[in-house]
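Notes follow once the structure below has been shown.
The values are calculated or read from the model by the stated rules, or taken from the named source; none is laboratory data. Keep in mind it's a predicted model, so treat the numbers as computed, not measured. FYI the Cβ positions are ideal-geometry reconstructions off the backbone, even for glycines, and counts take in every protein chain you see. Note: accessible area is taken over every heavy atom of the protein model, side chains too, but ligands, DNA and RNA are not part of it. Shrake-Rupley method; radii C 1.70, N 1.55, O 1.52, S 1.80 Å.
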Amino acid sequence: IQNEESVILFLVVWTVTEITRYSFYTFNLLNHLPYFIKWARYNFFIILYPAGVAGELLTIYAALPYVKRTGMFSLRLPNKYNVSFDYYYFLIIVMFSYVP
């Protein structure tokens with residue numbers, strides 16, 4: 001999954017977001033906040049938020065076949081706890097939870 005283009009997408013988006021956020025905090029602490037930094041802090045999210053969500057969802061979607069094939073992080077019955085957990089379906093629920 002780490003070779004998917006969607007990973008690059010959300011990493012770039014997260015990087016730009018953090019650079020913008022911490023630049024804003026730093027300049028604000030120095031009492032010298034340039035207009036562009038303030039503008040970027042409150043307006044970049046209009047593009048970055050949907051792009052980041054798309055990158056995350058595409059990455060989860062790309063991981064689904066591997067998770068299903070390997071049973072990664074899943075717990076099957078019978079076991080000493082008498083519970084069952086399927087990580088594959090959990091990821092699908094997480095993907096749908098992005099909608100609201």
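Here are the numbers for the structure shown:
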{"read-out": "Positive dipole terminus of the stretch 1-91, leading residue within Tyr61, Asn82, Asn3 (C-beta point charges)", "value": "Asn82"}
{"read-out": "Average accessible area per residue (Å²) across the chain - probe 1.4 Å, nucleic acids and ligands excluded", "value": "78"}
{"read-out": "Residue-count net charge about Leu33 - beta-carbon cut-off 14 Å; Lys, Arg +1, Asp, Glu -1", "value": "+3"}
{"read-out": "Charge tally in the Cβ shell below 10 Å around Thr59, where Lys, Arg are +1 and Asp, Glu are -1, Thr59 excluded", "value": "-3"}
{"read-out": "Per-residue [θ]222 nm for the chain (sum of -39500 (n - 2.57) over DSSP H runs n ≥ 4, rounded to 500)", "value": "-24000 deg cm²/dmol"}
{"read-out": "The chain - percent of accessible surface contributed by carbon and sulfur, probe 1.4 Å", "value": "67"}
{"read-out": "Point-charge dipole on Cβ atoms (K/R +1, D/E -1) for the stretch 1-91, about Cα centre, debye to 20", "value": "240"}
{"read-out": "Residues of the stretch 42-59 with amide N under 17 Å of the 7 Å Cα→Cβ point at Glu4", "value": "50-59"}
{"read-out": "Extension gain, Ser84 back to Leu58 (0.36 nm per residue minus Cα-Cα distance, nm)", "value": "6.7 nm"}
{"read-out": "Of the DSSP H helices in the chain, those whose Cα atoms cover at least 24 Å axially and whose Kyte score averages -1.0 or more", "value": "5-29, 45-70"}
{"read-out": "Alpha-carbon spread of the stretch 4-98, three principal axes, descending order, Å", "value": "62, 28, 19"}
